[in-house]
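The values are calculated or read from the model by the stated rules, or taken from the named source; none is laboratory data. Just so it is clear, the model here is predicted, and its values are computed rather than measured. Backbone-built Cβ (ideal geometry, glycine too); neighbour counts: all protein chains shown.
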Amino acid sequence: MKLLFYVPYYRPGGVERVIISLVMEFATNIEQVVLVASPSILNRLQGQIPSNCKVIYQPLTLVNYSYKNKLLGIVNKLNALAKRVKFDFLNSCKQNYYQNLVFEQIINKYNITHCLYAIANKTVPPAIKVPLFTISHDLFWHFSPLTYDQEYINKYDESLLKWLNKADGIITVSEKTKNDIVKLFPQFQEKIKIIANAGFIPSNKKSNIIINKHSDEIIFLFPSSFGIYKDHLTLVKAGVILAKEKKHNFKIVFIGKETDQILSSNINLSQQNSTKEYQNYIKELEIIYQNNKEIIDQHFLGLGYCSDEELEGWYQKSSCVIFPSRYEGFGLAISEAIVRGIPVIASDLNVFKEQVDLYQCSERVSFFGTQNAVELAQRIKNFIEKPIDILEEDKIINYQNRWNWEKVAQKYVELMDSII
């Protein structure tokens, strides 16, 4: 198999880790991986993926000159003319034509046999002559607890429907995500296949980052970028409830994009700020901070985006990972904690319970009711008073062997290989 693996746009965090893990394992399972993206995305990924002669980094540009390139030039001129008279219907046609031409040339240059999109939200499937697949990570625009404009929802739905009609297979990262798609488009149930993600483990697990910590301080880690449905708010409420008892020495650490801004009295965040829920959510966070500034400064730490090495350092220092989300397509931090031997406290989402079943680790995960700050505070208190130990390496390996990226990649290859 020679795979064209396309990354249409970039998402730091969970999707990024999925891409890196798949590329690394594909390189050991198939003949060649041609990773296609913009130059900036390729530079970032190339800096994180170990060097391998089977991985080719190909910018999304034309790779040879032909009469079709001349035709594209004519389309560009017509489109520029159309824009002058505010009649730009040709723009989407031009973009689709360009994409198809680039893909055709890359497929011919490398003798590509299969194509996989890393993410396909709001994209148009290419017109190509090799089997086409995409990964569906979630359907947040329908099933997260946020209110989006109907026009916004329609754009995502239209793209998803095009993929369901055109692709040879849609790969979802959880049963939850498959069920969500089937609710909207039940006629495509057979085309959707589930291949769950696995916990991402860097090639060098040991971090050189030194993190200062009081010897008796228990660290709870929430590794996720800000998002209303990630529900940092409930975790802040729970931490404040527990801190007011003045009996426990603990710190709750937020890592991820914009988490360095959510613990303040003047919050201005970029994500989901167009939703109806944003203002109320931010206002509640600000009020909690204003009323509990001393507690929050003592018991909380918001670090913002961190490098993989810094994140690994915090995993090593943490006693427990907390994941309070109200909605997830998968929730990679649960699996990442399990394969590091770190116990977990999580909201009782079905998608989190899928991971517990996958790793057979019910004794390592404690659930609480979604958005229930009082119950979460009690779970944290229970952990402080009777902690679950971090596992030793010889026991961690049992979880790592149950489900890992090698097995994930093999499932992808088997599925794609079934279509020729």
Report task. Considering each of K257, K317, K251 in turn, give the residue that is of a type in the set (D, E, K, R), in contact with an Asp or Glu (Cβ under 8 Å, 6 or more places away or on another chain) and touching a residue at least 40 places away in the same chain (Cβ under 8 Å). Result -> K251
Query - Single residue of the range 299-341 satisfying the filter (of a type in the set (D, E) and either over 15 Å from the mean Cα position of the chain (by Cα) or not assigned by TED's automatic domain parsing to the domain that holds V240 (or both)) that is surrounded by the fewest Cβ atoms within 10 Å (Cβ to Cβ) - result: E309
Query raised in the report: Has the range 31-48 got any residue that is touching a residue at least 40 places away in the same chain (Cβ under 8 Å), under 18 Å from the mean Cα position of the chain (by Cα) and either buried (at least 18 other Cβ atoms within 10 Å of the Cβ) or assigned by TED's automatic domain parsing to the domain that holds I112 (or both)?
Result: yes
Query raised in the report: Before we move on, is N273 without any contact (Cβ under 8 Å) to a residue 12 or more places away in the chain, assigned to a loop (DSSP other than H, G, I, E, B) and loosely packed, with under 13 Cβ neighbours inside 10 Å?
Result: yes
**Report entry** Residue within the range 390-408 that is without any contact (Cβ under 8 Å) to a residue 24 or more places away in the chain, under 16 Å from G199 (Cα atoms), touching a Ser or Thr at 6+ places or on another chain (Cβ under 7 Å) and surrounded by fewer than 22 Cβ atoms within 10 Å (Cβ to Cβ) present
**Finding:** no
Report task. Report whether or not S347 is in contact with an Asp or Glu (Cβ under 7 Å, 6 or more places away or on another chain) and buried (at least 22 other Cβ atoms within 10 Å of the Cβ). Result -> no
Requested in this report: Among what's in the range 1-30 and is over 21 Å from the mean Cα position of the chain (by Cα) and not in a strand (DSSP E or B), pick the residue that is farthest from P131 (Cα to Cα).
Outcome: T28
Query raised in the report: Taking only pairs six or more apart or across chains, which ones have beta-carbon atoms under 7 Å, a first residue in the range 352-368 that is at negative phi, and a second residue that is in a helix (DSSP H, G or I) and aliphatic (A, V, I, L, M)?
Result: F352/I334; Q355/I334; Y359/I338; C361/I338; S362/V356; R364/I338; V365/V356; F368/L376
Query raised in the report: In this structure, does N197 turn out to be modelled with pLDDT of 95 or more, under 30 Å from I420 (Cβ atoms) and under 15 Å from the mean Cα position of the chain (by Cα)?
Result: yes
Query raised in the report: under 19 Å from L3 (Cβ atoms) and assigned by TED's automatic domain parsing to the domain that holds K411: does that describe Q189?
Result: no
Query raised in the report: Do any residues in the range 372-386 that are assigned by TED's automatic domain parsing to the domain that holds G239 and more than 16 Å from S325 (Cβ to Cβ) have Cβ atoms under 8 Å from those of residues that are among the polar types (S, T, N, Q) and at pLDDT 95 or above, where the two are at least six apart or on different chains, and which pairs are they?
Result: N382/S366; F383/S319; F383/S366
Query raised in the report: Right, L132: over 30 Å from Y315 (Cα atoms), without any contact (Cβ under 8 Å) to a residue 60 or more places away in the chain and among the aliphatic types (A, V, I, L, M) or not?
Result: yes
